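Where a number appears in this text, it was derived from the coordinates with a stated rule and is not lab data. Predicted, not measured: the structure shown is a model, and the values here were computed from it. Cβ sites come from the backbone with ideal geometry, for glycine too, and all protein chains shown count toward neighbours.
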Amino acid sequence: MSETLPLPALHASHAGTWVRDATATTRGCSKGEAIMAAADTPVLLLNAPLVATRLGYPDLSGLDLLELFAFVHPARFCVPTPKGLADALGLEPPARDDAVPLLLQQAAGALLGRCGSSDWPEREGAWSSLQSLMRLRWHWAQVLAPHVAKPERAEKWLFSKLPEWEEAPERPQPAQVAIGEGAVDEQLEYLTGQGAERREGQRSYARAASKVFAPRRERGQPHLLLAQAGTGIGKTLGYLAPASLWASASQGTVWVSTFTKNLQRQLRGEARRAWPERRADGSRPVVVRKGRENYLCLLNLEDALQGGFGGRAAIMAQLVARWAAFSQDGDMIGGDLPGWLGTLFRKRGIASLTDQRGECVYAGCPHYRKCFIERTARASAQADLVIANHALVMVNAARGRDHAQRPTRIVFDEGHHVHHAADSTFAAALTGAETIELRRWIVGPERNSKGRRRGLAARLADVASYDEAGGEAVEAAIEATQALPTDGWLQRLHDNEPWGPIENLLAAVRALTYARDESGGQEAGYGIETEVAELPGKLVQLAQEAMGALGAIRAPLVKLGIRLEAIVEDAPDWLDAQGRARIEGARNSLGWRIDLLAAWEAMLNRLGGPADPEFVDWFAVDRSEAREFDVGIHRRWLDPMKPFAKVVLEPSHGVMLTSATLRDGDDWQAAIEASGAPHIEVEPLLSAAESPFDYANRAEVLIVTDVKRGDLPALAAAYARLIEVAGGGVLGLFTAIRRLRVVHGRIADRLARAGLPLYAQHVDPIDTGTLVDIFRDDPKASLLGTDALRDGVDVPGESLRCVVMEAVPWPKPSILHRARRAAQGGSAYDDRIIRARLAQAFGRLIRSKDDAGHFIVLSSAFPSRLLSAFPKGTPVMRLTLEEALQRVASGVSVESTPAAEQDSQPT
């Protein structure tokens, strides 16, 4: 047992505040006393931003145990709660809030003791990091110093000890193989384990999945499977069985695409059953691939460590450097970097260390051969299985730098989100923020001109000096870019002092959007929009001037692209492999920016003319907390599955879309239309496997009819009483952030005093993934959230016993929604969306055969036509809140009665 650290400790929850002094006395105190205690001397805290929020004192600082944990155990998971910290360190979790300060002293002692032990696995680099942290006056540095011994040999600098990736030959074209159903059955049995329960639904699902791996019969006609798999079918192993067989027999690559990071983590674990961690040659057969913005950029980190960051951000950079030395793949967003690390420093420091759009210099970077992004990209080209996300798969299909990166056998898990992902991927937006990004890519930032982020001229200096035409194109692009907005553009729009053709247009867009605002100023905290119709002549004229300015930027970029291609084809003597890679990277970045400018020009050309029936255009002023943060023109495809079909489906050989909520009830038609199949005239294969769970006896749907819509006190009281009766384990889903905050503010203290912690998105300074980890770890905790928690959250067992929706999740009445609603059946389109959302939310409740619980909707007028969202046989009852409380208190104990028979109350 390690000794406790004799320093004062402070804990604050919604139930109260406690301090423990160095003489081992714990006492309750007021918030003011706690703040004074923290100001007098450094105190031990756990998650300082959260404690500061609870005390209402944002400047609170101290010795945060999470920062110490990140130093001692980089790349290791820890739930950032007293119980989570205790579990991670093998300590006894505190039974009550007043025992937490003692735990903090014990945990600090345990962590310091680990530093002094001979078997500390993360010792390498610790002493050097600590010296840097001491210079930065990190609170923990002086406490740690006696416990971290100076190594006998000088430690290597982080960037010198990271391994280099190696080039590998491109994989040959996959062999054309067919997979028999017998082989699929055998592989599925192997993956599920000898003696495992034989599930016929999973077997039929796996057989159906094998059909997408058959040889393609016609060009542009992929095998397309739509597979609905109810919760509990085991769909992951169901499609991995044929996928692993095909990858082995054909030596090809299967891409599995997800919408949530949680499923990516689950897939990585499940895939270990089919593939080893490493091949005999040391390569990885399974690779998780994400967008570049998810990974640590080593050059950004080096800039930060060498003075680019100051104050607390510099401390964070040192802790990230510690993590980078032990990280599996450098993934900062959903990987092995603790999600809470960035929130400890209260700024977006983590994002500034990732790869920002367009700033990568590829082979021109001194860390190119050690780059996490490049290593992952190359590993994925050699992998049997690539686990990615929907957006990345679509981008790679559209802009793959080479054949090896272009997916041709794809499983879209969480397939109900493919439409949403395509909608974002194939969208266009000419906004102030987007034009600022383009300007920085071409010219470089307006401040801090040092480093590699100086724009196109710096990145291609050697090319410009060698090729006169290329140099002229770079200079012409830089000169034309002066027409784009600069820093401070939003304030100039607010002051009605725009500068340049693009700012003039954005000012007119902003003025017209406010002029047409129908809210009467009642929605000051939310964005506003207006359709592109009946535009004043002045705005159309400004649009033409802006279009000319954008064309003047695009023309030299096109010329530059041609010159770069010529240099690569007729390479000069000085162009080595590294230089060639850098130019290829520049060409790739250049290509999609040329496409972006062309899309912007097309949008502006449409203003004042006839509407294009394939697109929906609108003006918007984006706001958050009554603060404007962007202004611009937006364009979306009316049906985004049309470009998806051409870009993703048509070149593919086999594609599978699978989900527990793919179709609407028993109707496949909407799912077929939403798959993109009609746009390439493919008849998809259809498969449905019903969930094996006993919903009739394990779940109840309770529709509470006496909580009046808009009555926030009544809504808050209902949530509090339901959580109290359930004893925690409640996931509360909201359709509006404002209502979530009001409810949390009214009930958090009350619940905490009853020993029921309450956490909330958009309230607690904790990222969403970590909030779910906290919720999963504590059966007495409850969690309030919005759309991000409605699906993709996997919390089996006692930690989630009740889901409460504050209202029917009606679609937001935006201009885009109105257009799609009119094109796809009016109210029937709305009903399909709502049923899908209800089904996804209900899917959070029962995650295993032993789960049981209640799904509650607080709605006085829940339409009966939406009841088909719930699994067949699930009991549905309309009742008062008091009756609902009685049922929750008594647990789930119902007879198997069809939902339609129980729901006899008219709507």
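Quick notes on this structure:
- In segment 743-774, trypsin sites (Lys or Arg not before Pro) in a DSSP loop with at most 10 other beta-carbon atoms within 10 Å: none
- Here the sum of -39500 (n - 2.57) over DSSP H runs of 4 or more residues, divided by the residues of the chain, equals -13000 deg cm²/dmol at 222 nm, to the nearest 500.
- Debye log10 I(q)/I(0) for segment 428-637, one point scatterer per Cα, at q = 0.12 Å⁻¹: -0.68
- Scanning residues 5 or more positions from Val631 or on other chains, those with amide H under 5 Å from its amide H are Gly432, Ala433, Asp622, with H placed 1.01 Å from N in the peptide plane.
- When each full DSSP H helix of the chain is screened for a Cα extent of at least 30 Å along its own axis and an average Kyte-Doolittle hydropathy of at least 0.5, the helices passing are 537-569.
- Only lysines eight or more places from Lys150 in sequence, or on another chain, were considered; those with a Cα closer than 24 Å are Lys161.
- Cross-link partners for Lys156 among the aspartates and glutamates, with Cα-Cα distance under 16 Å and sequence neighbours closer than 8 places in the same chain left out: Glu122, Glu124, Glu164, Glu302.
- In this structure the amide hydrogen of Gln221, modeled in the peptide plane, comes within under 5 Å of no amide hydrogen from residues 5 or more places off or on another chain.
- The calculated FRET efficiency for Glu33 paired with Leu136, based on their beta-carbon distance and R0 = 35 Å, is about 0.70.
- Loop-located GluC sites (Glu not before Pro) across segment 158-256 with a Cβ neighbour count of 16 or fewer within 10 Å are Glu164, Glu166, Glu167, Glu170, Glu197, with loop assigned by DSSP.
- Computed as a quarter of the hull surface, the mean projected area of the alpha carbon convex hull for the chain stands at 39.5 nm².
- Label point at Ala183 placed 7 Å out along Cα→Cβ; residues across segment 198-233 whose backbone nitrogen lies under 15 Å: 207-216
- The residues neighbouring Ala602, those whose beta-carbon lies less than 10 Å from its own, together hold a net charge of 0 under the Lys/Arg +1, Asp/Glu -1 convention.
- Straight Cα distances below 13 angstrom link Lys646 to the aspartates and glutamates Glu681, with same-chain residues fewer than 8 positions distant left out.
- Neighbour net charge for Arg832 - beta-carbon separation under 14 angstrom, K R +1, D E -1: 0
- Glu167-Gln482 pseudo-label distance in nm [points 7 Å out on the Cα-to-Cβ vector]: 4.2
- For segment 1-129, the C-alpha radius of gyration sits at 1.03 times the compact-globule guess of 2.2 N^0.38 Å, with N the residue count.
- Proximal charge balance of Trp140 [Cβ under 14 Å; K/R count +1, D/E count -1]: +3
- For segment 428-637, size of Cβ-based charge dipole, Lys and Arg +1, Asp and Glu -1, in debye: 460
- Shape of segment 212-290, Cα gyration tensor, a/c cut at 1.5: oblate
- For the chain, the relative contact order is 14 percent, taking Cα pairs closer than 8 Å that sit 6 or more residues apart in sequence and dividing their mean separation by the residue count.
- Listed pairs Lys290/Lys780; Lys780/Lys849; Lys235/Lys780; Lys708/Lys780; Lys642/Lys872 exceeding 23 Å between Cα atoms: Lys290/Lys780; Lys235/Lys780; Lys708/Lys780; Lys642/Lys872
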